[in-house]
Amino acid sequence: MSTTESTASGIGPVEGASLYTVDNPAPLIEAPRARTKKTPKSTRGNFEMVAWLFMRLSGVVLVVLVIGHLLIQLVLDGGVSKIGFAFVAGRWASPFWQVWDLAMLWLAMLHGGNGLRTVINDYAERPNTRLWLKGLLYTATVFTILLGTLVIFTFDPNIR
Amino acid sequence: MPAGTLYRGREGMWSWVAHRVTGVLIFFFLFVHVLDTALVRVSPEAYDTVVATYKTPIVALLEYGLVAAILFHALNGLRVIAVDFWVKGARYQKQMLWTVVALWVVLMIGAIYPVLGHAARELFGS
């Protein structure tokens with residue numbers, strides 16, 4: 001091997017001689033996404049990660065709340081036959097069941113609302129369709145949560 | 001259709017599809033269910049009238065379907081959590097799915113009498 005390296009540029013003889021030397025350095029090109037003082041610390045929030053975690057945490061709690069609810073409403077003590085205004089009044093006389101139903105309402109609506117948001121994101125492709133479907137979803141979700149909360153807190157067993 | 005162009009992801013994909021379908025169905029029921037419960041703020045009669053439809057044999061069958069959807073979504077949801085957080089979760093996802101299916105079948109058999117019993121008595125006499 002008698003080919004000599006005439007420069008220290010690392011460019012071998014095949015590629016030809018380097019244009020640049022120590023005294024004539026290549027111009028410095030800034031990386032296209034270099035962070036500057038104006039760049040925010042994080043260019044995106046971690047909303048999706050929080051939503052992902054919420055689905056798992058609320059899911060575990062909902063398994064207990066909803067299966068308990070199904071047992072009480074559909075299985076024990078005559079199943080669906082015993083349900084009526086008097087039965088609801090009896091259960092909501094206890095703060096324990098009020099809190100149970102309130103937690104179930106909020107967790108299930110947020111869990112389901114986020115699930116449907118994912119479904120819309122996956123299948124609705126046109127921006128306008130996505131906007132309207134999500135608008136409808138968020139309106140229905142907020143309305144249902146507020147209505148249910150109002151009903152639990154203002155329930156009056158002596159309404160008639 | 002040329003071979004190999006249709007994605008068929010076996011247990012993993014079909015459990016994902018079932019989880020999604022049951023989830024959407026449960027959400028729509030939940031919306032209706034909060035509305036019907038809200039009738040307790042209207043009058044006891046309004047609430048009892050609507051709840052009476054929940055006691056008819058046809059709706060009893062729908063309730064059995066709702067229980068089926070909720071139980072699958074709950075059990076498979078626990079499997080999804082295991083896949084995500086348990087070190088060996090991904091390796092055993094198939095075995096866990098068949099465990100979910102087996103548990104679901106047992107629970108659904110157990111739910112026949114409590115959920116459908118009153119409908120059977122109404123249809124065939126007691």
Practice task
Run down the aspartates and glutamates and flag those whose C-alpha is under 13 Å from the C-alpha of B:K94, throwing out any fewer than 8 positions away in its chain.
Solution key: B:E11
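Assuming 0.36 nm per residue, please report the length gained on full extension of the stretch B:Y113 to B:D84 beyond their Cα-Cα distance.
Difference between extended and current length: 6.9 nm.
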Handout entry: Residues of the range B:95-116 with amide N under 18 Å of a point placed 7 Å along Cα→Cβ from A:R56
Key = B:96-97
Handout entry: Per residue, the convex hull volume that the Cα atoms of the range B:12-124 enclose (Å³)
Key = 114
Practice task
Would you tell me the mean number of C-beta atoms belonging to other protein chains that fall within 10 Å of each C-beta in A:73-82, as a whole number?
Solution key: 5
Completion exercise
Simple SL model, points at 7 angstrom along Cα→Cβ for B:L62 and A:T129; separation in nm is 2.8
Handout entry: Extreme residue, positive dipole direction of the range A:48-154, given options A:L110, A:I67, A:G84 (C-beta unit charges)
Key = A:L110
Practice task
Please list, or write none, the lysines whose alpha carbon is within less than 25 Å of the alpha carbon of B:K55, excluding same-chain residues fewer than 8 places away.
Solution key: A:K82
Practice task
Exposed loop chymotrypsin sites (Phe, Trp or Tyr not before Pro) only (DSSP loop, at most 15 other Cβ atoms within 10 Å): please give the longest stretch of chain B free of them, not including the sites.
Solution key: B:8-85
Handout entry: Ranking by accessible area, most exposed first, for B:V17, A:V88 with a 1.4 Å probe
Key = B:V17, A:V88
Practice task
Quick one: compute the contact order of chain A, relative version, from alpha carbon pairs under 8 angstrom and 6+ residues apart, as a percent.
Solution key: 18
Practice task
Rank B:H19, B:H33, B:H73 by mean-square fluctuation in a GNM of chain B with C-alpha springs under 10 angstrom and give only the top-ranked residue.
Solution key: B:H33
Fill in the blank from the handout: Rounded to a whole number, the mean other protein chain Cβ count within 10 angstrom for residues of B:40-51 is 4
Fill in the blank from the handout: Filtering chain A for DSSP H helices with an axial alpha carbon extent of at least 20 Å and a Kyte-Doolittle mean of at least 1.6 returns A:47-70
Fill in the blank from the handout: Calc'd 3J(HN,Hα), the range B:60-67, phi into Karplus 6.51 cos²θ - 1.76 cosθ + 1.60 (θ = phi - 60°), Hz, glycine/Pro = x, comes to 4, 5, 5, 5, 4, x, 5, 4
Exercise for the section: Just the number, please: Stokes-Einstein D of the range A:33-95 in µm²/s, Kirkwood Rh from C-alpha pairs, 25 °C, 0.890 mPa s. Expected result: 153
Practice task
Take chain B, connect every pair of alpha-carbon atoms lying under 10 Å apart with a spring to form a Gaussian network, then pick out the residue of B:T22, B:T37, B:T56 with the largest mean-square fluctuation.
Solution key: B:T37
Practice task
Kindly rank A:30-37, A:60-67 from highest to lowest mean number of other beta carbons found within 10 Å of each residue.
Solution key: A:60-67, A:30-37
Exercise for the section: Give, as ranges by residue number, the residues of the range A:78-121 whose backbone N falls under 20 Å from the point 7 Å along Cα→Cβ of A:L136. Expected result: A:109-121
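The values are calculated or read from the model by the stated rules, or taken from the named source; none is laboratory data. For clarity, every value in this text was computed on a predicted model and none was experimentally measured. We place every Cβ from the backbone using ideal geometry, glycine too, and count neighbours over all the protein chains shown. The protein model used for the area step is the full one, side chains on, heavy atoms only, and it has no ligands, DNA or RNA in it. Shrake-Rupley method; radii C 1.70, N 1.55, O 1.52, S 1.80 Å.
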